[in-house]
Amino acid sequence: MRNNLSSQITLTQIPERYYRPGNAYDYSVLTKLEKIPTDIYSSMNDGSLALSQTIAAEIRNRQKDKQNLVIALPGGRSPHSLYQHLINIHRNEGLSFRNVIVFVLYEFYPLANATNSNLYHLQEAFLNHVDIPQQNVHCIDGFMDKNDIHDACREYESKIKLLGGIDYMILGIGLAGTIGMNSAGTSLSSRTHLVPVDNTSRKESAQLFNSIDNVPAGVVTMGLGTILDARKIFLLSWGESKAEIIRQTVEGQATEAIPATALQNHPDTRVIIDLLSAYNLTRISHPWLVSSCEWNSKLMRRAIVWLCQKTGKPILKLTNKDYSEHGLGELLTKFDSAYEVNIKIFNDIQHTITGWPGGKPGADDSNRPERALPYPKKVIVFSPHPDDDVISMGGTFHRLCDQKHDVHVAYETSGNIAVGDDEVVRYCEYLRDVCDAYSPAESELRARAESIIRYLSFDKQDDGSPERPDVLLMKGTIRREEARHASRYCGLKDENIHFLDLPFYETGLVKKKPLSEEDVAIVKKLLLDIKPDEMFVAGDLADPHGTHKVCLDAVLAAIDEVKDQQWMRDCRVWMYRGAWAEWEMDHIEMAVPISPEQLRLKRNAILKHQSQAESAPFLGDDERLFWQRAEDRNRATAELYRQLGLASYEAIEAFVRYIPIE
């Protein structure tokens, strides 16, 4: 099984010289707008491996000199890949960590149980797997009396000073630019202190506590002054969700509103990121502003869309002067005139639009994104959770059914942990009342319903243990029937609705198991049973650790195992995005217009998932409901097409084609 194939998806083939320049001169030219030295790697794995080797070398050097290495470690998910590489070096190369002293960057306060502590998660991810002596690990006590907080913070600072200060400071970065847990307005001279958890950080931490309501009100964190005193700082960031805050941190002005920009004033900080997190840096997103370019169709499309937005003009009204004044003179040299470039890019974007996502039978398909034949097609829509299909491509889903294709939907996970306890209580009360009315002798079923009601209403403890199996069954059943109802509404036959319940997800906890052969085998069996002509998969690349990525990896691994079969060679795989973002214009290869009536039908399908309304545990960091996010996103895509001078539609769903990796 080839795992983690999603990390090898490169939507744009970024020339390596942009992100790994071969000499100091090229580096200085490309990075002239960057205020912090930044190392860009092709993947999270490559970046984590490089940093792990740097840390391992420093540990060995210190051991030769009989010295300790004092290192500060964060929580969160950004360093997990780094920790795994360090564990591998310990196991495979015999590196000892006995001379390493750890200070934990922050700890939540007040804690209800130890399993939710930052220290606990750090132990699970790293400390329990290497030989750092227990007395060398220092962390603020999340259970201390509130009257002791001030003294505990001063003592923490004294320990750091006593041990010679922090040599290596490892940092993640929050979506609002937090480092440690220092939010906007934190003083540059601040030391270890108690702060309230800001709203963005609460949402980012919600998965550690099963619900945003369980996130502690405060956190004790090293201050910016403590962080900036470290001799060397490494800031890690992976995935496109951090791309904009990385741009602001690395290229923007230093400001109290974004604490991470304080690192611009540190003498030895390095930002270590993958290409997805680097996406908004000028040398990656707009290389024509800092260097000559290696032009291809996608880069040209990106440049022209950018130029249209800069000038406020549609594509066909751009002039030679517009190109010259905005650093795009190279394109005039390449194509002789703005007219030639404009026509090429206009036609390129025009050809992405189709009202026939399964191909239009009997039509010339030479300029259409999907083939006319075969018709009807066997189509599988893979949905990571039981609602991603309608949220992300509900209009296309409905249209495929209307156009008489043999459509199947495969729900990869049960989604059971994303149902609120109150929702289960409501259904159990309904079940109890039905038993009373129609089966008063059915005491076992009624007793089970009463047991669940009592447990969720009065007895449940937030102690980090897995959810009870009977509660998980109820939660999974609620989501399954909502999904079935929504699929029927879109026109699907019951026998074409598949619930895969991939085992990696079924832990009863937010933390899931790694993807396994068992998961991939389930997906592979479905592919072999149906042998589809077309597939749709969730291509969310923003979160390199979440369920969507694991589900994508499961499908891609299964595709990899059958890619040499003739039906798979003829099958096209389209990636859709989730509820939060859309593909950028330079990547879109199929754009499906959605009429006002179809948008209403999509909204209704989303609303069938009542458990995922306002009370759902994991709505993310967006205050809008799922149907609102989806409609805003689809309308924004349509508006961009209109601004570029193309037809005006109510909404558009967009897709990118996946080519199996050799």
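The values are calculated or read from the model by the stated rules, or taken from the named source; none is laboratory data. Owing to the predicted nature of the structure, the values given are computational and were not obtained by experimental measurement. Note that we place each Cβ from the backbone using ideal geometry, even for glycine, and neighbour counts take in every protein chain shown. Note: areas computed on protein heavy atoms with side chains; ligands, DNA, RNA excluded. Shrake-Rupley method; radii C 1.70, N 1.55, O 1.52, S 1.80 Å.
Numerical summary
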item	result
Nearest-0.05 FRET efficiency for residue 213 and residue 135, computed from C-beta distance (R0 35 Å)	0.45
Segment 41-181 - charge dipole about Cα centre, Lys and Arg +1 at Cβ, Asp and Glu -1, debye rounded to 20	360 debye
Per-residue SASA entry for residue 474, accessible area with 1.4 Å probe, Å² rounded to 10	40 Å²
Relative contact order, percent, segment 1-98 [alpha-carbon distance under 8 Å, six or more residues apart]	25 percent
Segment 266-353, dipole about Cα centre (Lys/Arg Cβ +1, Asp/Glu Cβ -1), debye to the nearest 20	220 debye
Amide H partners (placed H, <5 Å) of residue 70, local residues excluded	101, 167, 168
Using a Förster distance of 60 Å, the FRET efficiency for residue 589-residue 454 (Cβ separation, nearest 0.05)	0.65
Spacing of the two label points (7 Å from each Cα toward its C-beta) at residue 632 and residue 253, in nm	2.7 nm
Three-way shape call for the chain based on the alpha-carbon gyration tensor, with the a/c threshold at 1.5	oblate
Nearest-10 value in Å² for the accessible area of residue 193, using the 1.4 Å probe	40 Å²
Point-charge dipole on Cβ atoms (K/R +1, D/E -1) for the chain, about Cα centre, debye to 20	1300 debye
Sequence ranges 101-114, 458-471, 502-515, 218-231, ranked by mean other-Cβ count within 10 angstrom, highest first	218-231, 101-114, 502-515, 458-471
Segment 150-249 - percent relative contact order, Cα under 8 Å, separation 6 or more	38 percent
For residue 150, solvent-accessible area (1.4 Å; no DNA, RNA or ligand), Å²	120 Å²
Rough spin-label spacing in nm, given labels placed 7 Å along Cα→Cβ, for residue 373 and residue 610	4.8 nm
Alpha-carbon centroids, segment 249-288 and segment 397-439: separation in whole Å	44 Å
Solvent exposure ordering (accessible area, 1.4 Å, most first) of 649, 18	649, 18
Value of relative contact order over segment 242-363, rounded to a whole percent, pairs C-alpha under 8 Å and six or more apart	17 percent
Fraction of beta bridges assigned by DSSP in the chain that are antiparallel (%, nearest 5)	30 percent
Per-pair calculated FRET efficiency, R0 = 51 Å: residue 465 and residue 20 via Cβ, rounded to 0.05	0.65
Counting DSSP beta bridges with both ends in segment 183-273, the antiparallel % (nearest 5)	50 percent
